[in-house]
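The values are calculated or read from the model by the stated rules, or taken from the named source; none is laboratory data. The model shown is predicted, which means the values in this text are computed figures rather than measured ones. Heads up, the Cβs are rebuilt from the backbone with ideal geometry, glycines too, and the neighbour counts pull from every protein chain shown.
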Amino acid sequence: MTHQLSFVQHRIESVTYGKDHMILQIAIPFYHKNPRVIVDVTANTRRMWTLTSFNPLFCDIEFEMSPDCVCDFGILPFRGGSVDILVYDPPHLPDDVGLKGRMAPWRTTFGIGRSVKGKNIGPLFPGFLAEAKRVLRKNGIVLAKIKDYIHNNKYQANSHIFCKEARNVGLTIFDILILVHPSGGSMISGRWKNAIHSKNKHVYWIVLKKEK
């Protein structure tokens, strides 16, 4: 790990095969040399931080998750220009996906119960991005985990929607990383007798910057 952290001061790979903690451990020192305040606005159970060396402020809308701060990521309780890095991992699926079957337990575990009712999660983005623009210091960054997916037989390009909304509020799209999860498998299962879409094994980590 020490060798890896030394290496990424010079270069970061655009595709990482692994889990979220690897992205955070590499990306934070690479994109911000001296962050004083790191805030995870969607902390949930804090899974992605367990193997990192960082100690962010944990925020979540669910009191049951015992965050440092209970709040909605669309109404952040921080003064303007006070945060160096915001980490954003919203629900990756709309609410109705988790209403039945094996997806039902995800409503709490992955926040789907707080997600939007439509086909994609785009309506979650504008409020957070406006708040990000407000609370970030100059040259502060957002590290956002955004996943595209198929819903109702249509591709939901959430990464595109997120970037469009970021431009609308005046944040710069600084970089995009791809994380390929090792547990991603085949679409062929008891539910998918005949696969007509490829299995989406990756997520995007989108880096936004509040420039001077």
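Within the range 131-151, can you find the residues that are more than 13 Å from the chain's Cα centre (by Cα), assigned to a strand (DSSP E or B) and small (Gly, Ala, Ser)?
140
Looking only at residues in the range 124-182 that are among the basic types (Lys, Arg) and either surrounded by 17 or more Cβ atoms within 10 Å (Cβ to Cβ) or touching a residue at least 40 places away in the same chain (Cβ under 8 Å) (or both), which one is farthest from residue 78 (Cα to Cα)?
As a first pass, look at the range 124-182 and keep what is among the basic types (Lys, Arg): 133-134, 137-138, 145, 147, 154, 164, 167.
Going one step further and asking which of them are either surrounded by 17 or more Cβ atoms within 10 Å (Cβ to Cβ) or touching a residue at least 40 places away in the same chain (Cβ under 8 Å) (or both), we end up with 133-134, 137-138, 145, 147.
Details: 133: 12, 134: 9, 137: 11, 138: 15, 145: 21, 147: 27 Å.
This residue is 147.
Given the conditions (1) modelled with pLDDT under 90; (2) part of a helix (DSSP H, G or I); (3) surrounded by fewer than 20 Cβ atoms within 10 Å (Cβ to Cβ), which single one is not true for residue 191?
(2)
Of 66, 53, which residue is among the polar types (S, T, N, Q) and either within 21 Å of residue 140 (Cα to Cα) or touching a Gly at 6+ places or on another chain (Cβ under 8 Å) (or both)? I'd like the intermediate steps shown before the answer.
Values: 66 fails: either within 21 Å of residue 140 (Cα to Cα) or touching a Gly at 6+ places or on another chain (Cβ under 8 Å) (or both).
Only one candidate passes the filter, namely 53.
With respect to residue 78, is the statement that it is part of a loop (DSSP other than H, G, I, E, B), modelled with pLDDT of 95 or more and closer than 25 Å to residue 121 by Cβ true? Walk me through it before giving the result.
Working: part of a loop (DSSP other than H, G, I, E, B): yes; modelled with pLDDT of 95 or more: yes; closer than 25 Å to residue 121 by Cβ: yes.
So residue 78 passes the test.
Can you pull out the residues in the range 31-55 that are hydrophobic (A, V, I, L, M, F, W, C), in a helix (DSSP H, G or I) and modelled with pLDDT under 95?
Residues of the range 31-55 hydrophobic (A, V, I, L, M, F, W, C): 37-39, 41, 43, 48-49, 51, 54.
From what is left, the residues that are in a helix (DSSP H, G or I) are 48-49.
Selection gives 48 alone.
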